[in-house]
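What follows is a single structure, written as structure tokens, with notes after it.
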Amino acid sequence: MENKLLVFLEAIQQHNSMTKAAQSLFISQPYISRTIKSAETHFGTPLIDRGHHPLELTYAGERLLTYLQSDARLHQRMNTELKEIS
């Protein structure tokens, strides 16, 4: 779920719209909404400010995105290093 969440949050941040984010990813908008809602339930805090137009990530959403991006970079470095070792 973390990888999907990373991609979805980045697209929402870029496009300021779940609909445009979904279109750019060639997936349905309800799928993004369900994934975001599930993460909000998991973390117990809103990740998207739905009352603001255009859409914006909440502070929690921005922090989560930062952590997910850092995690993705770390995994990439780990994979690269382990391939070099082998």
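The values are calculated or read from the model by the stated rules, or taken from the named source; none is laboratory data. All of these numbers come straight from a predicted model, not from anything done at the bench. FYI the Cβ positions are ideal-geometry reconstructions off the backbone, even for glycines, and counts take in every protein chain you see. When the accessible area is computed, the model is the full protein with side chains, heavy atoms only, and any ligands, DNA or RNA have been set aside. Shrake-Rupley method; radii C 1.70, N 1.55, O 1.52, S 1.80 Å.
Residue 71 versus residue 43, label points 7 Å from Cα toward the beta carbon: distance in nm?
1.0 nm
Dividing the alpha-carbon Rg of the chain by 2.2 N^0.38 Å yields what?
Numbers: Rg = 14.4 Å, N = 86, 2.2 N^0.38 = 12.0 Å.
Compactness ratio reported: 1.20.
How much area per residue is accessible in the chain when the probe is 1.4 Å and only protein heavy atoms are counted (Å²)? All intermediate terms of the calculation are to be shown ahead of the outcome.
Values: 5830 Å² over 86 residues.
That works out to 68 Å² per residue.
Report, in deg cm²/dmol and to the nearest 500, the calculated mean residue ellipticity at 222 nm for the chain, where each DSSP H run with n ≥ 4 adds -39500 (n - 2.57) and the sum is divided by the residue count.
After summing the helix terms and dividing by residue count, I get -24500 deg cm²/dmol.
If you roll a 1.4 angstrom probe over the protein chains with everything in place, what fraction of the accessible area of the chain belongs to carbon and sulfur, to the nearest %?
So the carbon and sulfur contribution to the accessible surface is 54 percent.
Using R₀ = 25 Å, calculate the FRET efficiency as 1/(1 + (r/R₀)^6) where r is the Cβ-Cβ separation of residue 83 and residue 56; round to 0.05. Numbers along the way, then the final one.
Values: r = 38 Å, r/R0 = 1.53.
Once rounded, the FRET efficiency stands at 0.05.
To test your reading of the geometry: what angle, between 0 and 90 degrees and rounded to tens, separates the Cα axis of helix 29-43 from the longest principal axis of the chain?
In the chain, helix 29-43 runs at an angle near 70 degrees to the longest axis.
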